[in-house]
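The values are calculated or read from the model by the stated rules, or taken from the named source; none is laboratory data. No experiment lies behind these values; they were computed from the predicted model shown. Cβ coordinates were reconstructed from backbone atoms using ideal geometry, including for glycine residues, and neighbour counts include every protein chain displayed.
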Amino acid sequence: MTTQEILSNLFCSFMGTVGFAIMYNVPKKYYLGCGATGMAGWIMFLIVNAQNHITSSVASFFGAFVVVLMSRILSVKMKCPITIFLISGIFPLVPGVGIYNTVYYIVTNQLTQAALKGIESLKIAFAIVMGIVIVVSVPRDVFHKVYYWFVAGKD
Amino acid sequence: MESEMTEDRKITKKERTEQPDGEVKQVVDFALEAGRILLKNGGEIFRVEETITRICQHFGVEHVDIFTLSHGIFVSAENEKGEVYTRVKHIPLSGSHLGIVAEVNELSRQIAGGKVTILEAQERLVQIDRIPPSRARTQVLGAGMGAACFGYLMGASLAESVVTFFIGCLVYLWVILAKRCRLSKIIINIAGGIMITLCAIFATRLSTASMVFSLDGMIIGAIMPLIPGMAFTNAIRDIADSDFLSGTVRMMDALMVFVYIAVGVGIVLMTYNNMTGGFIL
């Protein structure tokens, strides 16, 4: 990847997430957090996806994991519902390409390809679900303890 | 009994706080209203239940049972004399305003911290409910920006992203207008998909030798504002909290919207493909 590509990826994932935050009426003071969440998730996805022998669903899992972790940390820090960061931050990982390709192959009557792409996007969706569930399932007390232990150095 | 009830409602707010019976009703009504606003604007089930419990317990209503679905809240409270007060509230699946969710959450935090009385809290809640959504213009531009940026991330060229910006704006404008006319989700999303694909096909006709527009990047970017990210994420969170019933309803809502979009895009692609014999696609 060239520097220009990296910069444009950072910029687009940030601005795109902020765009969706605007759409969902998120208050202005959280825009920065939303953008950072989406950007972090997308960067994680790109890094994992660039490794050999790793499918895009596994990369989506790691991307979603980072998104949820970051939303949870930000929601504790800024004292607001996690939903604000989570909903807009998850958007870059949504398998839009997979859905489009599935429909495209169905209407052009290439059904084998359609099945391949359809199952791939289902796998990605499921990976995102797993990423969210794992982080969300950590009980609040435990999460707060770990958070304060890391950030503030006290329990 | 009936006349007593109406008498009770006529009593001024100040007097009412001194009466134990009135207090239970007042607290439960207030808590239910907070829950309704949360659920309507995209709060999760556990957040609604937690907020109602927190408010009730802080204002001294100890025995309270809550049952929350994705589109309804049932609250039942009991005072020391064993008299039971129950409310049911139907809340249709509707829009999303995360700003309001954040405000109600903040209010409930302050109540738990003991910083507000119930009368102040009631006034604040009425104000919160009236917070308008951002201006339509801002939302449309946000949708365009999101569509263009994600189109670029998914492999559209710079010129295609610019076109995607305009298609995204147009589609979200349609969504806002259609929601004002209370059109059903089926029509909004199928027509949205059709609109996106038509615009994208029209844009490919503009391509010159130096600048070729391809369909996929533009369509993928432009369907992003239609994708039900909120329903999907909330569904997963509800299922993760073992609220399977509400989770299933919301997941079904999200899946159906995915299907509608696919149908809209598919119809146009298929017609175009048949008309041109598949050479251009």
- Restricted to region A:26-73 and to residues being among the β-branched types (Val, Ile, Thr) and crowded, with 21+ Cβ neighbours inside 10 Å, the residue nearest to B:Gly99 (Cα to Cα) is A:Val26
- Task: Any chance you could count how many residues in region A:117-138 are over 23 Å from B:Met230 (Cβ atoms) and either at pLDDT below 85 or of a type in the set (A, V, I, L, M, F, W, C) (or both)?
- Result: 1
- Out of all the residues in region B:163-172, is one or more at the interface with chain A (Cβ under 8 Å from one of its Cβ atoms), under 20 Å from the mean Cα position of the chain (by Cα), within 17 Å of A:Pro27 (Cα to Cα) and in a helix (DSSP H, G or I)? no
- Task: Consider B:Ala112 carefully, then state whether it is within 14 Å of another protein chain (Cβ to nearest Cβ) and hydrophobic (A, V, I, L, M, F, W, C).
- Result: yes
- Message: Which numbered condition in (1) assigned to a helix (DSSP H, G or I); (2) free of Cβ contacts under 8 Å to residues at least 24 places away in the same chain is the only one that B:Asp253 fails?
- Response: (2)
- Has region B:232-242 got any residue that is closer than 23 Å to A:Leu69 by Cα, under 16 Å from the mean Cα position of the chain (by Cα), more than 10 Å from chain A (Cβ to nearest Cβ) and not hydroxyl-bearing (Ser, Thr, Tyr)? yes
- Query: Assuming A:Leu122 fulfils every condition listed in (1) closer than 17 Å to A:Val58 by Cβ; (2) more than 8 Å from every other protein chain (Cβ to nearest Cβ); (3) touching a residue at least 24 places away in the same chain (Cβ under 8 Å) apart from one, which condition is it?
  - Reply: (3)
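Only one residue in A:Ile99, A:Ile47, A:Ile73 is without any contact (Cβ under 8 Å) to a residue 40 or more places away in the chain and more than 14 Å from chain B (Cβ to nearest Cβ). Which one?
Testing whether each residue is without any contact (Cβ under 8 Å) to a residue 40 or more places away in the chain and more than 14 Å from chain B (Cβ to nearest Cβ) leaves just A:Ile47.
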- Item | Subset of region B:90-106 that is away from chain A (no Cβ under 14 Å) and closer than 23 Å to A:Pro81 by Cα - its residue that is nearest to the chain's Cα centre (by Cα) | B:Leu93
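For the subset of region B:193-231 comprising residues that are of a type in the set (Gly, Ala, Ser) and away from chain A (no Cβ under 13 Å), which member is nearest to B:Ala147 (Cα to Cα)?
Checking each candidate, the answer is B:Ala203.
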